[in-house]
Amino acid sequence: MVMKEHRVLSPTAILGYGFPASSFEAGMALKPHVIAVDAGSTDPGPYYLGSGKSFTDRGAVKRDLEFMLTAALEAKIPVIIGTAGGAGADSHLDWNVEIIKEIAAEKSLSFKMAVISAQIDPEVVKKKLAEGKLREYFPAPAPTVKDIEDSVNIVAQMGHEPMVEALKAGAEVIVTGRAYDPTVFAALAVIEGFDAGLALHMGKILECAAIAATPGSGSDCMFAYLREDHFEVATLDPIRKCTATSIAAHTLYEKSNPTRLPGPGGVLDLTQTTFEQASEGTVIVRGSRFIPDDVYTLKLEAARKAGYRTVSFAATADPIMISKMDDIVKAVKERVASNFEELGEFFLDFKVYGQTGASFYGAAGPVPCEVAIIIEAVAETTAHADTICAFARSTLLHYGYEGRIATAGNLAFPFSPSDFSGGVVYAFSLYCLMEVDDPCELFPAQLYQCDKGAIL
């Protein structure tokens, strides 16, 4: 009896992070049924969602996609891309689709493409709030009408169901807005009748590609074999291998509960999961189960404009100043606040790296001979941020503290000009759950036919 098997190639941790051509070719030689890739993350912060810009480079994304599209179409297998453009709003989705169209035109490719938006109309979200269908998602605060109205972009993290519908419609290339990371790897497997729990857990491992291996890398491929009662993961580069420890550790990646991994529509239950070293470089995983929720929920993410940022970089080697840094910073903040009351609200922060030998996380160590200081000002306008940062810098530069000997200045600046405009600042404004009746209702798919590079 031949065991039923579904094979998945994950080229890279995030589209645009790259991979060795040799690893990708080794993966294609194993005849995958699908090439899938996660293209985004909230890890780089709210700026990219708010601004509509990608945190990945266009040239790097195009390079990865050229490999993926040409190989998949030749092998007659689908390509699925989740959270296009880094944050998955419509502007990111359009950016990614334009790159695909460009490649299709240059290489005269023909395929059917599904583009699935994840951007949500604020009025829809306000209606859900009024109906009591928005849930607080700890540790974020409960959503309010003002949070919704202040949001620049609102996206919902879709499950695998919209991708399933696109595959059923014959799509060979699927590009989605914000998506739950494992779903792009699981969608085709679900259609083919494989267990959803195993498929989603497999996707959880593949989403970051070779980061789950040892030594880990976000710029290398991973491969998985999904079977009826388990899945097996393997690397495609001889310098890496999967271990039971590395795969188990990655299962816990970004999770607060070691046995329950919530996602759209349900929870991945890992209480019975086992990790077995199948060979020196491969691991078999069994026992993962998907438990549907009584009510299907989607996670919402949104960003709002918070102001404009100006920063200044400096350092000091004065041991007396370093020992008094907390008091000095407090006094400088008070001086700035007193001097610019008319500017209204603003944010001023001093990030001091190495003070008293402390690391960024506060671990104590030897008293350093030098510390680095980042002065950050955020205000309603660029001009106000410039004013606050400049005044804070000059005040700190010449602040007179007890025991000070030199009068030429307290700080060394590595750059001239010393202050830099950081542009618009965004903050996360929504992070909550929204109830829906249908997992596909908010994710319309648009189908396009590409004929030798021309979109019809």
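The values are calculated or read from the model by the stated rules, or taken from the named source; none is laboratory data. These numbers were taken from a predicted model, which means no experiment stands behind them. Cβ coordinates were reconstructed from backbone atoms using ideal geometry, including for glycine residues, and neighbour counts include every protein chain displayed.
Sub-8 Å Cβ pairs linking a first residue in the range 261-274 that is among the acidic types (Asp, Glu) to a second residue that is part of a loop (DSSP other than H, G, I, E, B) and surrounded by fewer than 19 Cβ atoms within 10 Å (Cβ to Cβ), at least 6 apart or interchain, are Asp269/Thr259, ordered by first then second residue. Scan the range 99-137 for residues that are of a type in the set (A, V, I, L, M, F, W, C), loosely packed, with under 13 Cβ neighbours inside 10 Å and farther than 18 Å from Ile154 by Cβ and the total you get is 0. Please verify whether Arg240 is surrounded by fewer than 17 Cβ atoms within 10 Å (Cβ to Cβ) and among the charged types (D, E, K, R), treating the condition exactly as stated. No.
Residues checked against (1) more than 22 Å from the chain's Cα centre (by Cα); (2) part of a helix (DSSP H, G or I):
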{"residue": "Ile100", "(1), (2)": "no, yes"}
{"residue": "Lys112", "(1), (2)": "yes, no"}
{"residue": "Ala140", "(1), (2)": "no, no"}
{"residue": "Ile174", "(1), (2)": "no, no"}
{"residue": "Leu188", "(1), (2)": "yes, yes"}
{"residue": "Phe194", "(1), (2)": "yes, no"}
{"residue": "Gly197", "(1), (2)": "yes, yes"}
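Among the residues of the range 199-220, those that are surrounded by 24 or more Cβ atoms within 10 Å (Cβ to Cβ) and part of a helix (DSSP H, G or I) comprise Ala199, Leu200, His201, Met202, Gly203, Lys204, Ile205, Leu206, Ala209, Ala210, Ala212. Only one of the numbered conditions (1) in contact with a Gly (Cβ under 6 Å, 6 or more places away or on another chain); (2) exposed (fewer than 14 other Cβ atoms within 10 Å of the Cβ) is not met by Asn257, and that is (1).
If the condition is being small (Gly, Ala, Ser) and either modelled with pLDDT under 95 or under 30 Å from Ile120 (Cβ atoms) (or both), then the range 289-314 contributes Ala302, Ala303, Ala306, Gly307.
Quick one: in the range 266-294, of everything that is in a loop (DSSP other than H, G, I, E, B) and in contact with a His (Cβ under 9 Å, 6 or more places away or on another chain), which residue is surrounded by the fewest Cβ atoms within 10 Å (Cβ to Cβ)? Selected residue: Gly287. Pairing each residue of the range 432-456 that is more than 19 Å from Val175 (Cα to Cα) with any residue that is exposed (fewer than 13 other Cβ atoms within 10 Å of the Cβ) and among the acidic types (Asp, Glu), provided the two are 6+ apart or on different chains, yields C-beta distances under 7 Å for Cys432/Glu136.
Residues in the range 45-65 that are hydrophobic (A, V, I, L, M, F, W, C) and under 14 Å from the mean Cα position of the chain (by Cα): 2 in all. Applying a threshold of 6 Å to beta carbon distances and a minimum spacing of six or more residues, or different chains, the list of pairs starting in the range 400-421 at a residue that is over 13 Å from Ala390 (Cα atoms) and ending at one that is in a loop (DSSP other than H, G, I, E, B) reads Tyr401/Lys324. Close Cβ contacts (under 9 Å, 6 or more residues apart or on different chains) running from residues in the range 319-340 that are exposed (fewer than 14 other Cβ atoms within 10 Å of the Cβ) to residues that are of a type in the set (Ser, Thr, Tyr) and not in a helix (DSSP H, G or I) comprise Asp327/Tyr401.
A quick yes/no check of all residues on (1) of a type outside the set (Gly, Ala, Ser); (2) within 29 Å of the chain's Cα centre (by Cα):
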{"position": "Thr382", "(1), (2)": "yes, yes"}
{"position": "Thr387", "(1), (2)": "yes, no"}
{"position": "Ala390", "(1), (2)": "no, no"}
{"position": "Ser394", "(1), (2)": "no, no"}
{"position": "Gly403", "(1), (2)": "no, no"}
{"position": "Asn410", "(1), (2)": "yes, no"}
{"position": "Ser418", "(1), (2)": "no, no"}
{"position": "Gly423", "(1), (2)": "no, yes"}
{"position": "Ser429", "(1), (2)": "no, yes"}
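The set of residues in the range 29-47 being crowded, with 21+ Cβ neighbours inside 10 Å and of a type outside the set (Val, Ile, Thr) consists of Pro32, Ala36, Asp38, Ala39, Gly40, Pro46. When the range 223-243 is filtered for residues that are part of a strand (DSSP E or B) and of a type in the set (S, T, N, Q), only Thr235 remains.
For the range 409-453, a residue qualifies if it is outside any strand (DSSP E or B) and within 30 Å of Pro141 (Cα to Cα), and the qualifying residues are Val436, Asp437, Asp438, Pro439, Cys440, Glu441, Leu442, Phe443, Pro444.
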